[in-house]
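J.: Provided herewith is a single structure, encoded as structure tokens, for subsequent inquiry.
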Amino acid sequence: MKIIVSFTTTPQRINLILPTIQSILNQTIPVNGIDINIPLIFQRTGEKYEIPSWLLALEHDSKNTNCQVRLFRTEDYGAITKIAPTLMRYKDNEEVYIWSIDDDFEYPVNM
């Protein structure tokens, strides 16, 4: 079974998510992928998302690793943006466990 981590962020916090990502990459049971759902526009404020260069580099550098970081541009569905687009992507795959996380938390290694 594959383990996919799913989350979203806000334009104000997108530059602060690296500790969250690192805590997922350091899990004692490795995850297979980190899907970050990033809307084009933040619905609450109308603000556009600026994807930091370090995040684009992390996505690119992880393509040939056991845990690929993937950025998905999506509609803003409000709070469920952290999980809904990922559920839609994997809806026909019974071999995937989806772990929904928050963008402002560092997870213990044994989660």
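J.: Looking at the range 13-37, I want the residues that are touching a residue at least 40 places away in the same chain (Cβ under 8 Å) and have a partner that is among the charged types (D, E, K, R) with Cβ atoms under 6 Å, at least 6 apart or on another chain. Which pairs are those?
T.: Short answer, once both residue conditions are applied: Arg13/Asp103; Ile17/Asp103; Pro19/Glu106; Thr20/Asp103; Ser23/Glu106; Asp35/Arg70.
J.: Same structure, new question: Which numbered condition trips up Trp99, out of (1) hydrophobic (A, V, I, L, M, F, W, C); (2) open to solvent by 30 Å² or more (accessible area, probe 1.4 Å); (3) not in a strand (DSSP E or B)?
T.: (3)
J.: Scan Ile51, Ile4 and give me the residue that is modelled with pLDDT of 95 or more and touching a strand residue (DSSP E or B) at 6+ places or on another chain (Cβ under 6 Å).
T.: Just a single option satisfies the conditions, and that option is Ile4.
J.: When you scan the range 58-73, do you find a residue that is in a helix (DSSP H, G or I) and touching a helix residue (DSSP H, G or I) at 6+ places or on another chain (Cβ under 8 Å), even just one?
T.: Among the residues of the range 58-73, at least one is in a helix (DSSP H, G or I) and touching a helix residue (DSSP H, G or I) at 6+ places or on another chain (Cβ under 8 Å), which makes the answer yes.
J.: Would you tally the residues in the range 74-108 being among the basic types (Lys, Arg) and within 14 Å of the chain's Cα centre (by Cα)?
T.: Qualifying residue count, the range 74-108: 2.
J.: Moving on. Which ones in the range 77-96 are of a type outside the set (Val, Ile, Thr), surrounded by 13 or more Cβ atoms within 10 Å (Cβ to Cβ) and either in contact (Cβ under 8 Å) with a residue 40 or more places away in the chain or not in a loop (DSSP other than H, G, I, E, B) (or both)?
T.: Once the filter is applied, which keeps residues that are of a type outside the set (Val, Ile, Thr), surrounded by 13 or more Cβ atoms within 10 Å (Cβ to Cβ) and either in contact (Cβ under 8 Å) with a residue 40 or more places away in the chain or not in a loop (DSSP other than H, G, I, E, B) (or both), the range 77-96 yields Lys82, Ala84, Pro85, Leu87, Arg89, Tyr90.
J.: Across the range 46-76, what is the total count of residues that are free of Cβ contacts under 8 Å to residues at least 12 places away in the same chain and open to solvent by 90 Å² or more (accessible area, probe 1.4 Å)?
T.: 5
The values are calculated or read from the model by the stated rules, or taken from the named source; none is laboratory data. Just so we're clear, the structure is a prediction, and the values are computed from it rather than from any experiment. All Cβ positions, even for glycine, are placed from backbone atoms using ideal geometry, and neighbour counts span all protein chains on display. Heads up: the accessible areas ignore ligands, DNA and RNA and are worked out on the full protein's heavy atoms, side chains in. Shrake-Rupley method; radii C 1.70, N 1.55, O 1.52, S 1.80 Å.
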